[in-house]
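Student: Sending over a structure as structure tokens; questions will come in a sec.
The values are calculated or read from the model by the stated rules, or taken from the named source; none is laboratory data. Note that the structure is predicted; figures quoted are calculated from it, not measured. Here the Cβ is made from the backbone with ideal geometry for all residues, glycine too, and neighbour counts use every protein chain on show. Only protein heavy atoms, including side chains, enter the accessible area calculation; ligands, DNA and RNA are left aside. Shrake-Rupley method; radii C 1.70, N 1.55, O 1.52, S 1.80 Å.
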Amino acid sequence: MARLKSLRTKTLLSIAGYDPSSGAGAVLDLAIFRKVGFAGMGILTAATAQNTKKVVSYYAPPSKFLFLQYQTLRREVSFAGVKIGMVGHRKNIPVISRILDENRAVPIVVDPVFRASSGAWLLEKAAIPYYISHLREKISVLTPNLEEAGLISGRKVRNPEEMKEAASRIADLVAAPCLVKGGHVSKGAVDLLFDGHRYYVFEKGKINKDVHGTGCFLSSSLLCFLVKGHPLAKACELASAFTHAAIKKAVKIGRGKPILSPLL
Ligand code: PXL
């Protein structure tokens, strides 16, 4: 009986970086997958050296090794959904694109991680158009924050009107819906979805708390809600609310930003 249950448990894959503080990246993704009721597996694009204050450096293993990690898991497991976070190196982009080709039938959530909130670049800026072109027509939804939306669309994104423009422009570029995350410190921030037809605005209320890992939290919980069968707009609403609740409970462990714990 227990064996039958484990065979029915759906497995989600995170393709992401390792944050030793556990506040973001693959560690957080896997904790959320498990918290929501899925099995979680992760393949690492890069290992960072960071604490709760800042990213000091990172190392991306050769892209062949990323593919080997995927292939090795894939020999025995099928994935019910895939989340992509930090890419780490432009050479990982074609490998990720190939993995997406092999997982066309399941939800794919992409969180475009370009820069840590402490300022360090996690993917070279010049690789952004290359990255976006490799995601085109292969993903379910892209979830940039305001800065990432600006870097992808080429225009500043500071308010709900600019979020709307950026969301539709980005949806055109990737040929997929776009959820722009409206920041976590400004008053009355919103998340805004453009699904290719219309806009949806998710009010977040105000929390004056700058928390590490909110982007990873939102995108990995969004993947969970999609795989559970919710339509996109409902899944975004649930993920936005789940993230908001987690921000309220974030804990300060080091001297830097508070971090999220899906177990609290
Ligand atoms: O929050 C973005 C992010 C994602 N993934 C990893 C990170 C960070 C930010 O520091 O280190 C691995």
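Student: For residue 257, give me every one of the lysines with a C-alpha distance below 21 angstrom, ignoring sequence neighbours fewer than eight places off in its own chain.
Tutor: 53, 54, 181, 187, 204, 206, 209, 248, 249
Student: Quick one: if you take sqrt(5λ) for each eigenvalue of the C-alpha gyration tensor of region 64-171, what semi-axes come out, biggest first, whole angstrom?
Tutor: Those come to 26, 16, 11 Å.
Student: Calculate, for region 30-102, the solvent-accessible area per residue in square angstrom, rolling a 1.4 angstrom probe over the heavy atoms of the protein chains.
Tutor: In whole numbers, region 30-102 has 49 Å² accessible per residue.
Student: Something else about it: If you count only protein heavy atoms with a 1.4 Å probe, what accessible area per residue comes out for region 167-264, rounded to a whole Å²?
Tutor: 45
Student: Using +1 at the C-beta of Lys and Arg and -1 at the C-beta of Asp and Glu, which of 253, 239, 42 has the Cα lying farthest in the positive direction of the dipole of the chain?
Tutor: 253
Student: Another question, if that's okay. Hydropathy first: keep DSSP H helices in the chain averaging at least 1.0 on Kyte-Doolittle, then drop any whose Cα extent along the axis falls short of 15 Å, and list what survives.
Tutor: What comes out of the filter, once short or polar helices are dropped, is 25-36, 214-227.
Student: Calculate log10 I(q)/I(0) of region 189-235 for q = 0.14, 0.19, 0.23, 0.26 Å⁻¹, where I(q) comes from the Debye formula with a single equal point scatterer on each Cα and nothing for solvent.
Tutor: -0.42, -0.75, -1.00, -1.12
Student: Could I ask something else about it? For region 106-114, in order, what is each residue's ³J(HN,Hα) by Karplus, 6.51 cos²θ - 1.76 cosθ + 1.60 with θ = phi - 60°, in whole Hz (x at glycine and Pro)?
Tutor: Ordered by residue, 3J(HN,Hα) equals 10, x, 10, 10, 10, 9, x, 8, 9 Hz.
Student: Find the centroid of the Cα atoms in region 177-236 and in region 104-176, then give the distance between the two in whole Å.
Tutor: 14
Student: Given the convex hull of the Cα atoms of region 1-108, what is a quarter of its surface area in nm²?
Tutor: Mean shadow area of the hull around the Cα atoms is 7.2 nm².
Student: Something else now. Computed over the Cα atoms, what is the radius of gyration of region 152-264 divided by 2.2 N^0.38 Å, N being its residue count?
Tutor: Normalised Cα radius of gyration, region 152-264: 1.08.
Student: Also, quick follow-up: Give the average over all directions of the projected area of the C-alpha convex hull of region 209-253, one decimal, in nm².
Tutor: 3.1
Student: Sticking with this structure for a sec: Could you tell me the relative contact order of region 118-175? Use alpha-carbon pairs under 8 Å, at least six residues apart, and round to a whole percent.
Tutor: 37
Student: Summarise the accessible area of the chain (1.4 Å probe, protein heavy atoms) by the percent that is carbon and sulfur.
Tutor: C and S atoms contribute 55 percent here.
Student: Under a 5 Å amide H to amide H cut-off, with H placed in plane at 1.01 Å, what residues pair with residue 253 once short-range neighbours are removed?
Tutor: It is 259, by chain and number.
Student: May I ask for log10 I(q)/I(0) of the chain at q = 0.08, 0.12, 0.16 Å⁻¹, from a Debye sum over the Cα atoms as equal point scatterers with solvent left out?
Tutor: -0.28, -0.65, -1.24
Student: Share of antiparallel DSSP beta bridges in the chain, in percent to the nearest 5?
Tutor: 45
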